[in-house]
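J.: Sharing a structure, written as structure tokens. Questions coming.
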Amino acid sequence: MSALDQEYKFRLFMRMIEGAISLGKAAAWVVGIWIAGHYIYQAITVLAGKQTDASFVVNFLLKAQADRWVAFIVAGSGVAYGLNERRLKRRDIERLAKHTSELEKRIDPSRSSSNLLPDGRTRREDKL
């Protein structure tokens, strides 16, 4: 048996193992979703037609105008996310600008600066 035949058989065997693993993962997802659906179905059928504490909570939230609070929370989260992304962007610009500036100085030592701040923002004096 040649080395090529052995390598072909080995690759075929490995593909079979990878296929079995992929099939196992897919089966695990299907079984997990089925089990979760089964428990949700049982919980709903037990509570069907009965007034529970959940209905009191829903009524309280509706009376307290929770939709407005949810809107404020979502808006605040969006603002916080945007501010964090801006901070991360400025930090990356500062990190990358140092490297770029160093390479430009190697090529042309007499190169002048753009007078931007290290994080890429325009100086306050230049905005006037």
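Derivation of every value follows stated rules applied to the coordinates shown; laboratory data play no part. All values reported here derive from a predicted model rather than from experimental measurement. Quick reminder, even Gly has a Cβ in these numbers, built from the backbone with ideal geometry, and neighbours come from all protein chains shown.
J.: Which helices count as membrane-span-like in the chain under these terms: full DSSP H, at least 18 Å along the axis by C-alpha, Kyte-Doolittle mean of -0.5 or more?
T.: Those that clear 18 Å and a mean of -0.5 are 3-47.
J.: Here is a follow-up. Taking 8 Å as the Cα distance limit and 6 or more residues as the minimum spacing, I'd like the relative contact order of the chain as a percentage.
T.: Reported relative contact order: 15 percent.
J.: Below 16 Å, Cα to Cα, which lysines can residue 89 reach? Residues fewer than 8 away in the same chain don't count.
T.: Leaving aside lysines fewer than 8 places away in the same chain, those within reach of residue 89 are 98.
J.: Name the residue, out of 58, 70, 46, whose mean-square fluctuation peaks in a Gaussian network model built on the chain with Cα pairs under 10 Å.
T.: 46
J.: Pick out which of 73, 40, 107 has the largest mean-square fluctuation in a Gaussian network model of the chain, springs linking Cα atoms closer than 10 Å.
T.: Of 73, 40, 107, the most mobile in the Gaussian network model is 107.
J.: Would you mind classifying segment 1-50 by shape? Square roots of the alpha carbon gyration tensor eigenvalues, ordered a ≥ b ≥ c; an a/c under 1.5 is rounded, otherwise it is prolate if a/b is larger than b/c and oblate if not.
T.: prolate
J.: Starting from the Cα gyration tensor of the chain, take the square roots of the eigenvalues, sort them a ≥ b ≥ c, and report rounded, prolate or oblate (rounded when a/c is under 1.5, otherwise prolate if a/b is larger than b/c, else oblate). Walk me through the numbers before you get to the answer.
T.: Working: a/c = 9.79, a/b = 1.19, b/c = 8.26.
In terms of gyration-tensor shape, oblate.
J.: Follow-up question, since we're still on this one. Ignoring the sites themselves, what is the longest stretch of the chain with no trypsin sites (Lys or Arg not before Pro) in a DSSP loop and at most 15 other beta-carbon atoms within 10 Å?
T.: 51-110
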